[in-house]
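The structure appears below as structure tokens.
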Amino acid sequence: MSHFGTDALPDQEYTVDHRLSDADENVHSVWDNDIEPALTVSPGDVVQFDCRDAVDGQIDHDTTAAEITDVSFDPVHPLTGPVAVEGADPGDVLEVQLLDLEHEGWGFTNYFPSEMGLGLLPDEFDEPGLHVWDLEGDVGHFVDGIEVPLDPFPGVIGVAPAADGTHDTLPPRSVGGNLDVKQATAGSTVYLPVEVEGASFSTGDCHAAQGDGEVCVTGIEAPMTVTARLDVRSDLSVEQPELATTGPFTATGRDEPAYATTGVADDLMEATRLAIRHAIDHLATHRGLSRGEAYVLCSAAVDLKISQVVDAPNWTVTAFLPESIFPDDGGDGGDDGATANGDAGGV
């Protein structure tokens, strides 16, 4: 009987069968079914992938906001792989059980200047901004005592497409890629449609946390180790990626008090922009954050939901901000000198 799991994988002991380092020979930055596998494994093998950050080390602890414009996207997304799985044929499904993700203690969230046209609200931030996060266990430290819960996941997870030639890693595809599904955390299972012999699986662009929407174009980007079991399912069929997961379905992984702003418009993207603009206004007015800091926090910890698409001609998008990320005396603002506002310098 065909079966898609609906529960998180039970805690289980496993043995890592293969480790794929992030050495240059194991890293690529395009989708191309002509790339030779860095590794070939048997179905059911566990592989540990060492993954570089999304911009391949161009940002570190000493980077300033002013230097963000020097970051090159040619190429972007260094991916570890590809890994061929024996017996995987077009029409099969590659089952990817995500067993563990480990960060290295730091990450970054940035937004780009308006001239680059990136992110949800590029026209509202003339200068770039950057926050370098201290990641401690399952918490990311922001400004003013704000702590964001961490639920690491690979932003890019996919297999090679059947179409020949090189393909950009930035847009997601039917075979996966830059999906940025924050619920693909340890304990979840991702199902990918196989289009080429061996599947040719790769992963990278790991995020320590991300709000649904990733509105400023980055989550908490971080170098990371991803451990996954790769299996072939000939009894299943999917046209695009699917996953079995128990969340997190909120920014903190639990139901709790939240403050929400809405966007109402006759276009879903404009409604989305309005919801985030209002969230930024709220954070600036009631939490004392700069608008740049608020934009970064929205990308890391605010969840966007499509609340209704039936009440024509206007649609509703809602942005949910969990209240527990703020210290007990939150709401008074304050300035500890750290900022994500490019006008005042980077963190």
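The values are calculated or read from the model by the stated rules, or taken from the named source; none is laboratory data. On a predicted model such as this, the values are computed, not experimentally measured, just so you know. Cβ placement follows ideal geometry from the backbone for every residue including glycine, while neighbour counts extend to all protein chains displayed. Side chains included, ligands, DNA and RNA excluded: accessible areas come from the protein's heavy atoms. Shrake-Rupley method; radii C 1.70, N 1.55, O 1.52, S 1.80 Å.
Key figures for this structure:
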read-out: Where 92, 17 fall by accessible area, highest first, once all protein chains stay in place (1.4 Å); value: 17, 92
read-out: Rounded to 10°, Cα long-axis angle of helix 268-286 versus longest principal axis of the chain; value: 50 degrees
read-out: The chain - accessible surface per residue (Å², probe 1.4 Å); value: 42 Å²
read-out: Descending semi-axes in whole angstrom, ellipsoid equivalent of the range 134-218, from the Cα gyration tensor; value: 30, 13, 9
read-out: Cα centroid separation - the range 110-175 against the range 177-200, whole Å; value: 18 Å
read-out: Estimated Rh, the chain: Kirkwood, alpha-carbon pairs, angstrom; value: 20.6 Å
read-out: Portion, in percent, of the accessible area of the range 147-194 that falls on carbon or sulfur, probe 1.4 Å; value: 53 percent
read-out: Shape category assigned to the range 77-213 from the gyration tensor of Cα positions, a/c cut at 1.5; value: oblate
read-out: Prolate/oblate/rounded label for the range 10-67 (Cα gyration tensor, a/c 1.5); value: oblate
read-out: Options 161, 174, 129, ranked by Cα towards positive dipole end of the chain, top entry (Cβ charges); value: 174
read-out: Positive-end residue of 249, 289, 69, charge dipole of the chain with Cβ unit charges; value: 249
read-out: From phi via Karplus (6.51, -1.76, 1.60), per-residue ³J(HN,Hα) for the range 57-70 in Hz, x at Gly/Pro; value: x, 6, 10, 9, 4, 9, 5, 9, 4, 4, 7, 4, 5, 7
read-out: Sequence of 246, 225 when ordered by accessible area, the most exposed leading, probe 1.4 angstrom; value: 246, 225
read-out: Accessible-area composition of the range 207-284, carbon plus sulfur, in percent [1.4 Å probe]; value: 47 percent
read-out: The range 238-304: GluC sites (Glu not before Pro) falling in loop per DSSP and having at most 11 other Cβ within 10 Å; value: 239
read-out: Carbon and sulfur %, accessible surface of the range 36-107 computed with the full protein complex present, 1.4 Å; value: 41 percent
